[in-house]
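What follows is calculated from the coordinates using simple rules that are stated; it is not laboratory data. Just so we're clear, the structure is a prediction, and the values are computed from it rather than from any experiment. With ideal geometry, Cβ positions are generated from the backbone for all residues, glycine too; neighbour counts draw on all protein chains shown.
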Amino acid sequence: MNKTKHTSYQIPKNSIFYQEVIKKSRFIVHIGHTPDVKSAKEYIAGVRSKYSDAGHHCWAHVAGEPGGSHMLGFSDDGEPNGTAGKPMLNVLMGSGIGEITAVVTRYFGGIKLGTGGLVRAYGGSLNHAMDELLTTERIPETLIEGTSDYSQQSIIEQELAAFNIINIGKDYKENISWKIILDSREAAQVIAIIFDKTSGRVQFELPDDL
């Protein structure tokens, strides 16, 4: 069954570069938009490659909808267990933002920070970087499909104009085959209105879980 999301959430609108020096160690923070785990891994690899001479590349991600545990990940990358990746993940989860990955690169400055100092440094530098992050709404999408006569095209398009339509696909043959991607929260209303305005001659279909 197709799992269509019905809730919106915030995602990163911009990428962030931020750095600070803590007891001579330099902490470089990168934050990016990563819709899934694959893109999160690619983002982390890109930062690691850019700063290949650094001692640590600690990271955390919420690679999908906030609250989806299978989308969570983190790594201390050689720092003492629990001092980097987990504090970073806590910052991301606390923000309520989805589809986000953060990487904190550390250049060691010769002074050991201790476990508490590392937790504060990784979590704190990420918190400071998050202050600069802009977000935008992730609209939950779904696909509805249907077939109409050519005489009904203008009626359907006129009704669709009042809704949050993301994409309209039309295949012109003997009839018009419609594939419409829209805000899933409006899908049932769109179907009902088009059914009414075409006197029941056009019936769009929803995924099974809607």
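Using only DSSP helix segments of four residues or longer, with each worth -39500 (n - 2.57), what per-residue ellipticity at 222 nm results for the chain after dividing by its residue count and rounding to 500? Provide the component values of the computation, followed by the final result.
Working: 5 runs with 61 residues, N = 210.
Computed mean residue ellipticity for the chain: -9000 deg cm²/dmol.
Computed over the chain with a Gaussian network model linking Cα atoms closer than 10 Å, the most mobile of G55, G82, G169 is G169.
May I ask for the net charge around F108, where only other residues with Cβ less than 11 Å from the Cβ of F108 are counted and Lys, Arg are +1 while Asp, Glu are -1? With Lys, Arg at +1 and Asp, Glu at -1, the net is +4. Within the set of other residues whose C-beta is less than 12 Å from the C-beta of Y43, count the net charge using Lys and Arg as +1 and Asp and Glu as -1. Result for the neighbourhood of Y43: +1.
Here percent of Cα pairs over 31 Å apart was calculated from the structure, and among (1) 20; (2) 39; (3) 29 it sits at label (2). I need to check one value: relative contact order of segment 140-197, counting alpha carbon pairs closer than 8 Å and at least 6 residues apart, in percent. Relative contact order here is 47 percent.
Given R₀ = 35 Å, what would the calculated FRET efficiency be for V37 paired with D196, taking r from the Cβ atoms and rounding to 0.05? It comes to 0.25. Loop-located chymotrypsin sites (Phe, Trp or Tyr not before Pro) across segment 141-192 with a Cβ neighbour count of 16 or fewer within 10 Å are F163, with loop assigned by DSSP.
With the cut-off at under 16 Å, measuring from each backbone N in segment 167-208 to a point 7 Å along the Cα-to-Cβ line of S154 picks out 198. Taking L133, L160, L118 in turn, the Gaussian network model of the chain (Cα-Cα springs below 10 Å) assigns the largest fluctuation to L160. When you restrict to C-alpha pairs under 8 Å that are six or more residues apart and normalise by the size of the chain, the relative contact order lands at 25 percent.
Longest exposed-loop-site-free stretch of the chain, with GluC sites (Glu not before Pro), DSSP loop and at most 16 other Cβ within 10 Å? Value returned for the longest uninterrupted segment is 1-131.
Using the beta-carbon distance between K179 and N81 and R0 = 41 Å, what value does 1/(1 + (r/R0)^6) give for FRET efficiency, to the nearest 0.05? Calculated transfer efficiency: 0.25.
Find out how many positive minus negative residues lie around S25, taking Lys and Arg as positive, Asp and Glu as negative, among other residues whose Cβ is under 13 Å from that of S25.
Details: positive: K23, K24, R26, R106, K112, R120; negative: E20, E79.
So the environment of S25 carries a net charge of +4.
Running a GNM on the chain with Cα contacts under 10 Å, which residue among P140, P80, P35 ends up with the highest mean-square fluctuation? Most flexible of the set in this elastic network: P80.
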